[in-house]
Amino acid sequence: MPLKVVSFATYLTNVDVTWRDADYNALKFVKAIKGLPVNGFARIPVCDVLRRLEHGNSEEAIGWFGELARAYLLGQNLPRPVSFVPIPNSSCAMGNDQVPRTRLLAQAIVNGFEESDVWDGLRWRTVMLPSSQGGTRNPQVLYDNLAIAQEVPARTLVLVDDVRTTGAHFVAALARVAERGAVCSLALCAARRVDSQEDTSFSVREEEFAEFVPRHR
């Protein structure tokens, strides 16, 4: 089945254009979501309210993402109950006890969203190199290294990640849970990676990704 991926901000990577204040604001939002240092301050629009973001309150960005996601979901006809599924960070593998930071994002949505919980049941078989450091974005490679570590719940699943780059992590995860009969057609992320400026750096964007059919060995 195709997968709808929804994001709420841009993550501009092109350094050859003149960045606007809004581009820097979005970048700082992404850094806060990822748990990275935030220099200076930024103003982040959250459900029509401007929030001030700086290093001292950067963890609040997780909750802001939850607000944005819930506001979007309330306008959707999403069958409940729902389990939000964090895409594991590259360091979260079967052989260690690393907890994905993306779990915080999933939990932030659940807080205040009725009939929902977090299903943190995906892990890499072996530790991955992060995409930002040149790690693979090949959905087949990602799928082959992705394992289901817990029983898949019989409820609607929604995938959750911090940034959508190519969508490969999402479609690989969908292929893996679909094998267990899971119902999943939606993914949420804080931001989308873009190479060119959009009219606004904070907006809801819906993108549809074709179903990935893995090769089985």
Would you mention how many residues in the range 202-217 are part of a loop (DSSP other than H, G, I, E, B) and within 17 Å of THR165 (Cβ to Cβ)?
2
Which count do you get for residues in the range 1-11 that are buried (at least 23 other Cβ atoms within 10 Å of the Cβ) and either in contact with a helix residue (DSSP H, G or I) (Cβ under 7 Å, 6 or more places away or on another chain) or of a type in the set (D, E, K, R) (or both)?
4
With (1) touching a residue at least 40 places away in the same chain (Cβ under 8 Å); (2) assigned to a helix (DSSP H, G or I); (3) within 18 Å of ARG192 (Cα to Cα) as the list, and VAL163 as the residue in question, which single condition is left unmet?
(2)
What are the pairs with Cβ atoms under 9 angstrom where one residue, in the range 190-217, is in contact (Cβ under 8 Å) with a residue 24 or more places away in the chain and surrounded by 13 or more Cβ atoms within 10 Å (Cβ to Cβ) and the other, located anywhere, is basic (Lys, Arg) and assigned to a loop (DSSP other than H, G, I, E, B)? Sequence gap at least six, or different chains.
GLN197/ARG20; SER201/ARG20
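For every residue, the table says whether it meets (1) at pLDDT 95 or above; (2) under 24 Å from PRO153 (Cβ atoms); (3) out of contact with any Pro (no Cβ under 8 Å at 6 or more places or on another chain); (4) not polar (S, T, N, Q).
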position	(1), (2), (3), (4)
ASN57	yes, no, yes, no
TRP64	yes, no, yes, yes
GLU67	yes, no, yes, yes
ILE87	yes, yes, no, yes
Filter the range 57-106 down to residues that are in a helix (DSSP H, G or I) and among the basic types (Lys, Arg) and give me whichever is surrounded by the fewest Cβ atoms within 10 Å (Cβ to Cβ).
ARG70
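The values are calculated or read from the model by the stated rules, or taken from the named source; none is laboratory data. The structure presented is a predicted model; accordingly, all values stated were derived computationally and were not measured. Glycine gets a Cβ as well: all are built from the backbone with ideal geometry, and neighbour counts include every protein chain shown.
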